[in-house]
Structures are given as C-alpha cells and as structure tokens.
C-alpha cells in the first residue's frame, strides 16, 4: 500500500479513529525523539562534544546555565 492509499484510508476513518491514530503517531514520535536524545548524549554519543563545550563556556564565564524560567530584558 502506498502513501496515497494510506492517506485515503485515513480520510475515510471516523474522526475518533483519526484522533487515535494521531495520538499513536505523536507518542511514537516522542519515543523516537527520546531514544535519539539518549543515544546522542550517552558516552561517546554525537552530542557529548557539544555538551562539553557548553559546560566549558559556563565554567569560563562565557555563558550562564539556564534557570527555572525565562528572564525578560
């Protein structure tokens, strides 16, 4: 089944089932995002170098850690 057929099938679903599908897709996306972040920031992950650079900037006074809210200027 191709994308167009899937789209058509979704359009023929009752609204309640479309919403359930939307919820399922969103949850699936959240799980994938969480897995990607976990991989990136695990030891030797792609994001570790960036994290170390940010920590060095904070230690060097170039940046400040984010607080519990946004500060308005």
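The values are calculated or read from the model by the stated rules, or taken from the named source; none is laboratory data. What you are looking at is a predicted structure, and each value in this text was computed from that prediction instead of being measured. For neighbour counting, all protein chains shown are included, and Cβ atoms are generated from backbone atoms with ideal geometry for every residue, glycine included.
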Do any residues in the range 1-27 that are at pLDDT below 95 have Cβ atoms under 8 Å from those of residues that are not in a helix (DSSP H, G or I), where the two are at least six apart or on different chains, and which pairs are they?
-> none
Every pair of residues 6+ apart whose Cβ atoms lie under 7 Å, when the first sits in the range 58-73 and is at pLDDT 75 or above while the second is surrounded by 10 or more Cβ atoms within 10 Å (Cβ to Cβ) = 63/54; 63/57
